[in-house]
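Undergrad: Following this message is one structure expressed as structure tokens.
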Amino acid sequence: MLFAVSSIAVAQAKTVWVDDQLYLPVRSGAGSQFRIIENAVPSGTPLEVIEASDSGYTLVRTPKGTEGWVSSQYLSETPIAADRLRTANRQLEETRAELAQAKEQLSNVVTERNALESSEASLSDRSQELQEELQRIKSIAADSINLERRNRELREENQKIRNDLEVLTAENERLEASKEYDFMLLGAGLVLGGVLLALIIPMLKPTRKTDNWA
């Protein structure tokens with residue numbers, strides 16, 4: 001009796017699945033002659049084992065709470081292949097999502113590192129430029145003749161820029177005037193064309209002949 005009780009306790013802690021069959025009936029007793037109390041339990045349904053029997057039937061509890069006997073040959077210790085495949089596909093998708101997230105994080109880190117390296121290189125170049133500029137200023141300040149020559153060159157360059165600006169301004173005004181003149185000619189041409197059409201179109205219409213047979 002103790003052995004039977006221990007067997008039932010072990011069976012209660014185990015879960016089995018409906019094997020790769022279409023439907024599995026749940027009966028009121030351990031045999032095909034007993035009444036079906038729950039019909040059409042689909043494949044892959046997890047069933048809680050209440051009692052295992054040597055008669056080829058197992059007492060189970062369905063997800064609906066129905067307790068009854070089912071044929072042991074249609075039960076499996078592991079989920080059916082379709083459920084395992086769905087589980088494997090779900091785990092694969094989760095792994096792919098985690099991998100994509102890791103790749104994105106890696107890409108962000110690489111981008112930040114490249115930005116820092118670029119910034120460091122820019123600062124180094126800028127520091128070199130400032131040192132060269134400082135050296136040039138010291139050299140100009142030490143030589144008043146070169147400083148005066150530099151000022152003169154700057155004034156001449158400024159005057160040249162002013163002259164170029166005046167030329168460009170005059171050219172711009174000329175182009176604007178030419179554009180307005182072209183618009184005026186175009187408008188006059190359109191008006192003249194409209195007048196000619198107004199004179200020609202009535203001449204092209206056929207004249208209605210008088211019906212002498214009336």
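The values are calculated or read from the model by the stated rules, or taken from the named source; none is laboratory data. Everything numeric here is computed off the predicted structure, so don't read it as measured data. Ideal geometry is used to build each Cβ from the backbone, glycine not excepted, and the neighbour counts take in all protein chains shown. Ligands, DNA and RNA are stripped out before the accessible areas are found, and what is left, the full protein with its side chains, is counted by its heavy atoms. Shrake-Rupley method; radii C 1.70, N 1.55, O 1.52, S 1.80 Å.
Undergrad: Would you please give the residues with an amide H less than 5 Å from that of Ile37, counting only those at least 5 places away or on a separate chain, with H modeled from the backbone geometry?
TA: Excluding prolines and chain starts, which carry no amide H, the hits are Val26, Arg27, Ser28.
Undergrad: For Lys14, what accessible surface area do you get with a 1.4 Å probe? Give it in Å², rounded to 10.
TA: 80
Undergrad: Please compute the length gained on full extension between Glu94 and Val109, using 0.36 nm multiplied by the number of residues separating them and subtracting their Cα-Cα distance.
TA: That pair, Glu94 and Val109, stretches by 3.2 nm at full extension.
Undergrad: Based on the alpha-carbon gyration tensor of region 23-76 and its eigenvalue square roots a ≥ b ≥ c, which shape applies: rounded if a/c is under 1.5, prolate if not and a/b is larger than b/c, or oblate? Intermediate results must be reported in sequence, preceding the final value.
TA: Numbers: a/c = 1.36, a/b = 1.16, b/c = 1.17.
The shape class here is rounded.
Undergrad: By how many nm would the segment from Lys14 to Thr66 lengthen if fully extended, with 0.36 nm per residue of separation less the alpha-carbon distance?
TA: Extra length available between Lys14 and Thr66 comes to 17.0 nm.
Undergrad: Further question on the same structure: Each residue of region 181-197 in turn: what ³J(HN,Hα) in whole Hz from Karplus with 6.51, -1.76, 1.60 and θ = phi - 60°, glycine and Pro shown as x?
TA: Each residue of region 181-197 in turn: 5, 5, 5, 5, 4, 4, x, 5, x, 5, 5, 5, x, x, 5, 4, 5 Hz.
Undergrad: Give the long-range amide H neighbours of Thr45: residues separated by 5 or more places, or on another chain, with amide H under 5 Å away, using H modelled in the peptide plane at 1.01 Å from N.
TA: Those qualifying (amide H under 5 Å, at least 5 residues apart or on another chain) are Val18.
Undergrad: Excluding same-chain residues fewer than 8 positions from Lys64, which aspartates and glutamates have a Cα within less than 16 Å of its Cα?
TA: Once the sequence-local aspartates and glutamates are set aside, what remains near Lys64 is Glu38, Glu48.
Undergrad: For the pair Ala170/Leu154, report the inter-label distance in nm, with labels modelled 7 Å from Cα in the Cβ direction.
TA: Each label point is offset 7 Å from its Cα along the Cβ direction, giving 2.9 nm.
Undergrad: Further question on the same structure: For labels at Asp125 and Leu197 in the simple 7 Å Cα→Cβ model, what's the distance in nm?
TA: If labels sit at Asp125 and Leu197, their model points lie 6.0 nm apart.
Undergrad: So, with a 1.4 angstrom probe, what is the percent of accessible area on region 78-173 that is carbon and sulfur?
TA: Answer for region 78-173 is 54 percent, counting heavy atoms of protein chains only.
Undergrad: Might you work out the accessible area of Ser122 for me, using a 1.4 Å probe with all protein chains in place, and round it to the nearest 10 Å²?
TA: Taking all protein chains as shown, Ser122 has close to 60 Å².
Undergrad: How many Å³ per residue does the convex hull of the Cα positions in region 78-173 occupy?
TA: Expressed per residue, the convex hull around the Cα atoms of region 78-173 is 139 Å³.
Undergrad: Amide H of Thr66: which non-local residues (sequence gap of 5 or more, or other chain) have their own amide H closer than 5 Å, using H built in the peptide plane?
TA: none
Undergrad: To the nearest 10 square angstrom, what accessible area does Glu48 show with a 1.4 Å probe?
TA: The accessible area of Glu48 comes to roughly 80 Å².
Undergrad: To the nearest 20 Debye, how big is the dipole of region 23-76 about its Cα centre, given +1 on the beta carbon of each Lys and Arg and -1 on that of each Asp and Glu?
TA: On the way: 4 positive and 5 negative charges, 36 e Å.
Here region 23-76 has a charge dipole of around 180 debye.
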